[in-house]
């Protein structure tokens, strides 16, 4: 069923209104773990293989679903650079912005990354830097048929199963993942989904700066909810900031902006400075 639905959603001949109606109906019903896992498995099989298997067993993807409305800077990308510098292979998978001012692909392009880099270049980047970036449209060509619907739904304030699928279909298939989600309701279900997809270990997280605010990140603002999967399945709670030796901060210091602003923030962080550069 998932394969059939995916084929219809990505078929050029299918009407955009029909695709939108289906996604809205599925969202209103409430997507199940089984449905999300089935869709993810289908699109993983349809993805272009970047041929990075030698790194996959140790590799991690750090990403978020987006859609939290918090307008933070590119936190997951910054964390990815730090992990790569520490010697961990990172398969970063991302796209241009849909709802924010600067998606991970927008930032990577501004940093000089070729979003259409060949597989040889990706492997060379992993050899030299422990890092590669998979631009989603280059590895999921079928998605071009669904992008107009996604943008229309986002413009009307609607989410769909595709808000959940992006982080689940990394074409490099890293064995480990840290995934931030926009809603507390999806922490445990997506942990179950990633476990069902066969990842070795990881965490699904959600931040709650206040009762009215949400983050698809772990942060030092408010509270965090966590669910592990694979070898980390027993983890169902985060240590407190005090136990981790960290201090609380406020959401304002995590605010981002457009590409130029986020580049300044990233440079400041990589230089050991402060991210609080918002105008």
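Global size of the chain: 18.0, 56 Å for Rg and Dmax (C-alpha atoms, Rg to one decimal, Dmax whole).
Mind checking which of 162, 91, 229 has the largest fluctuation in a GNM of the chain, springs on alpha carbons under 10 Å? Answer for the Gaussian network model of the chain: 162. Springs join every pair of Cα atoms under 10 Å in this Gaussian network model of the chain, and among 200, 211, 252 the largest mean-square fluctuation is at 211. Here each label is just a point 7 Å from Cα along the line to Cβ, and for residue 128 and residue 237 those points are 4.7 nm apart. The alpha carbon radius of gyration of region 94-190, expressed as a multiple of 2.2 N^0.38 Å, is 1.16. Put a dot 7 Å past the Cα of residue 111, heading toward its Cβ, do the same for residue 271, and the two dots end up 1.7 nm apart.
Using only helices, what value at 222 nm comes out for the chain when you add -39,500 (n - 2.57) per DSSP H run of length 4 or more and divide by the total residues, to the nearest 500 deg cm²/dmol? Theoretical 222 nm ellipticity from helices: -11500 deg cm²/dmol. Share of Cα-Cα pairs in region 189-278 beyond 17 Å, in percent? For region 189-278, the share of Cα pairs beyond 17 Å comes to 61 percent. Scaled against the 2.2 N^0.38 Å expected of a compact globular protein of N residues, the Cα radius of gyration of region 54-104 reads 1.23. Taking label points 7 Å from Cα along the Cα-to-Cβ direction, residue 196 and residue 3 give a separation of 1.7 nm. Quick one: in region 183-231, what % of C-alpha pairs are over 13 Å apart? For region 183-231, the fraction of Cα-Cα distances above 13 Å is 52 percent.
Using the Kirkwood radius over Cα pairs, work out the Stokes-Einstein diffusion coefficient for region 129-279 at 25 °C and 0.890 mPa s, in µm²/s as a whole number. Display every interim value, and only then the final one.
Numbers: Rh = 17.5 Å.
In µm²/s, the coefficient is 140.
Note on region 8-134: semi-axes of the ellipsoid equivalent to its C-alpha gyration tensor, largest first and rounded to whole Å, are 29, 18, 15. For region 145-216, the normalised intensity computed at q = 0.25 Å⁻¹ comes to -1.15 (log10 of I(q)/I(0), Debye sum over alpha carbons, equal scatterers, no solvent).
Read-outs throughout are calculated quantities, based only on the coordinates presented, and are distinct from any laboratory measurement. Bear in mind that the values here come from a model prediction, so they are computed numbers and not experimental data. We place every Cβ from the backbone using ideal geometry, glycine too, and count neighbours over all the protein chains shown.
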